[in-house]
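Taking it in order: structure first as structure tokens, then the write-up.
The values are calculated or read from the model by the stated rules, or taken from the named source; none is laboratory data. All values reported here derive from a predicted model rather than from experimental measurement. Accessible surface areas use protein heavy atoms only, side chains included; no ligands, DNA or RNA. Shrake-Rupley method; radii C 1.70, N 1.55, O 1.52, S 1.80 Å.
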Amino acid sequence: MSSRPTVDVPTAVLRTLSPRGKVAVAVGTYLLWALTTWTLEGRLLTLQRPEATLDRLLYTGVANVLIGTLFACWIARTFVDAGFTTRARLGLRSVRRTLLASAVGAGAGVALYVAQGPPTTDPVVTLNAFSQVLPVSIAELAVCWLLVGGSVEAALRTRVPDAVARAGALVVASALFGLYHVAHSPPFNTVETIALLTVVSLGTGAFFFVGRSAYGALVFHNFLALFGVTSALAAAGRLAAYRAPVWPLLVTGVVALLVFVGAERVGWHGGVDTP
């Protein structure tokens with residue numbers, strides 16, 4: 001009996017795709033994620049209905065954890081195994097570098113959050129809101145930057161200098177991130193908000209493509225989202241409901257983070273710190 005590991009058909013197909021084919025798969029995953037977001041959130045105005053616990057769990061679990069995190073990371077892992085890109089280029093580095101980059105991202109995120117004059121700096125309210133947006137931020141990072149951005153950069157590097165490939169991937173990832181908010185409920189689906197989010201998300205892209213840290217980009221990006229969410233909660237008069245620990249939000253945030261850590265650590269064969 002052969003001892004060679006078996007490779008399932010979908011994985012084998014993904015590995016043999018051309019660079020353009022891999023980019024097409026990444027963009028297709030983005031479209032699936034955006035469509036699922038609209039179906040479970042934007043269409044139903046889920047984020048505007050805090051009492052809709054089941055709808056929120058369904059949206060978070062399917063759109064952001066199942067598709068936006070697990071499925072996106074599986075495709076990215078397959079691309080790494082095929083030699084299309086590397087873990088390091090996707091910002092997945094050693095534990096030491098990850099912790100350092102996360103600290104830098106947190107510091108920059110807190111400074112930016114405070115500088116914008118947020119509606120609250122209450123630590124409990126902030127923690128609840130941070131946990132609420134974390135599953136969404138993880139999916140946004142995994143789909144827009146890690147998968148699509150990483151694929152675009154890898155494809156461009158075969159044709160243009162590395163710096164140009166990085167810049168092109170950064171612009172594409174940020175533009176797709178902004179555009180994806182069409183699938184969300186108000187106020188996030190307005191033209192003004194989409195344009196603002198596209199520009200602001202270039203900071204996330206800088207952490208990802210220049211700093212080469214997925215986790216640093218994630219922490220920084222979540223603080224960007226935190227300001228928008230707390231502002232929306234304040235405008236709707238719902239900040240008071242966040243002044244005590246909201247355990248479903250806290251638990252969901254922790255679970256989503258653990259799922260991402262597992263998805264990016266288990267089963268990858270690309271070098272952690274290779275350039």
### Query
What are the ³J(HN,Hα) values, in whole Hz, obtained from phi via the Karplus relation 6.51 cos²θ - 1.76 cosθ + 1.60 with θ = phi - 60°, for each residue of the stretch 191-203 in sequence order, with x given for Gly and Pro?
4, 4, 5, 4, 5, 5, 5, 5, 5, 4, 5, 4, x
### Heavy atoms of Tyr30 accessible to a 1.4 Å probe, total area in Å² rounded to 10
10
### Query
Against the longest alpha carbon principal axis of the chain, how many degrees, from 0 to 90 and to the nearest 10, is the axis of helix 123-140 turned?
30
### Query
GNM on the chain, C-alpha springs below 10 Å: top fluctuator among Val143, Val27, Val95?
Val95
### Query
Tilt of helix 19-37 relative to the longest C-alpha principal axis of the chain, in degrees (0 to 90, nearest 10)?
20
### Mean separation of Cα contacts under 8 Å, 6 or more apart, over the residue count of the chain: relative contact order %
33
## Note on the structure
Stokes-Einstein D for the chain (4 °C, 1.567 mPa s, Kirkwood Rh from Cα pairs), in µm²/s, comes to 68
### Message
Can you give me the angle between helix 72-81 and the longest principal axis of the chain, using Cα atoms only, in degrees from 0 to 90, rounded to the nearest 10?
### Response
20
### Message
Please give the Cα centre distance for the stretch 196-275 versus the stretch 131-157, rounded to the nearest Å.
### Response
11
### Query
Is the shape of the stretch 63-210 rounded, prolate or oblate, going by the alpha carbon gyration tensor and its root eigenvalues a ≥ b ≥ c, with a/c under 1.5 for rounded and a/b larger than b/c for prolate?
prolate
### Query
Under the rule of -39500 (n - 2.57) per DSSP H run of 4 or more residues, summed and divided by the residues of the chain, what mean residue ellipticity at 222 nm is obtained, to the nearest 500 deg cm²/dmol?
-19000 deg cm²/dmol
### Query
What are the residues whose amide H is under 5 Å from the amide H of Ala88, where those residues sit 5 or more places off or on another chain and H is modelled from the backbone?
Thr274
## Note on the structure
Ignoring ligands and nucleic acids, Ser213 exposes an accessible area, probe 1.4 Å, in Å² to the nearest 10, of 10
### Summary
Per GNM of the chain with C-alpha springs under 10 angstrom, the most fluctuating residue out of Trp145, Trp33, Trp74 is Trp74
### Task
Send over a whole-number figure in Å² for the accessible area per residue of the chain, probe 1.4 Å.
46
